[in-house]
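As structure tokens, the structure follows; a few thoughts come after it.
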């Protein structure tokens with residue numbers, strides 16, 4: 001499973017020539033075919049277009065160990081779903097903290113303001129990509145992934 005996840009990450013991230021991509025795609029396909037059970041479902045969920053619920057990410061704080069920071073959508077009509085999927089972990093986090101979250105549209109971005117986290121100047125933007133579709137990304141003045149992990153751990157480890 002770990003080798004397959006490494007192959008998947010390398011395939012999706014590496015800028016390769018067409019011949020190298022074809023070779024890596026064949027290796028990845030073989031790894032997915034050989035995987036079984038939940039491991040196979042996890043791999044398929046990470047492949048573009050293969051997830052059963054591509055926007056069903058992080059529906060609750062306990063199971064959301066890593067908040068997503070970007071998604072790719074094929075059509076403009078799916079941008080709203082992607083934005084909801086990217087902001088949902090933060091809304092759940094704020095709810096668990098007993099704090100407010102506010103969304104505001106400004107300068108072509110959707111800004112997410114989090115009460116009690118002034119360092120978290122987060123925004124979501126959708127940009128078209130030359131290969132088709134749109135990249136929808138959550139960025140911030142600090143690394144959103146690290147901030148989410150820190151604040152989630154604080155909430156889950158705090159006494160009731």
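The values are calculated or read from the model by the stated rules, or taken from the named source; none is laboratory data. No experiment lies behind these values; they were computed from the predicted model shown. All Cβ positions, even for glycine, are placed from backbone atoms using ideal geometry, and neighbour counts span all protein chains on display.
Can you report the number of residues in the range 117-133 which are in contact with a helix residue (DSSP H, G or I) (Cβ under 9 Å, 6 or more places away or on another chain), assigned to a loop (DSSP other than H, G, I, E, B) and closer than 18 Å to residue 74 by Cβ?
Summing the residues that are in contact with a helix residue (DSSP H, G or I) (Cβ under 9 Å, 6 or more places away or on another chain), assigned to a loop (DSSP other than H, G, I, E, B) and closer than 18 Å to residue 74 by Cβ in the range 117-133 gives 1.
Out of all the residues in the range 130-150, which are over 16 Å from the mean Cα position of the chain (by Cα) and closer than 25 Å to residue 80 by Cβ? Can you show your working first?
Restricting attention to the range 130-150, the residues satisfying the condition of being over 16 Å from the mean Cα position of the chain (by Cα) are 130-133, 141-142, 150.
Across the range 130-150, the qualifying residues are 130, 131, 132, 133, 141.
From the list 49, 56, exactly one residue is at pLDDT 70 or above, loosely packed, with under 13 Cβ neighbours inside 10 Å, part of a loop (DSSP other than H, G, I, E, B) and out of contact with any helix residue (DSSP H, G or I) (no Cβ under 7 Å at 6 or more places or on another chain). Which is it?
Values: 49 fails: at pLDDT 70 or above.
After ruling out the rest, the residue left standing is 56.
Of all the residues that make up the range 87-100, how many are surrounded by 19 or more Cβ atoms within 10 Å (Cβ to Cβ) and touching a strand residue (DSSP E or B) at 6+ places or on another chain (Cβ under 9 Å)?
The total comes to 5.
The conditions are (1) out of contact with any helix residue (DSSP H, G or I) (no Cβ under 6 Å at 6 or more places or on another chain); (2) part of a strand (DSSP E or B); (3) under 16 Å from residue 67 (Cα atoms), and residue 146 fails exactly one of them. Which is it?
(2)
From (1) modelled with pLDDT under 65; (2) in a helix (DSSP H, G or I); (3) within 15 Å of the chain's Cα centre (by Cα), pick out the condition that doesn't hold for residue 83.
Here residue 83 meets the rest and fails (1).
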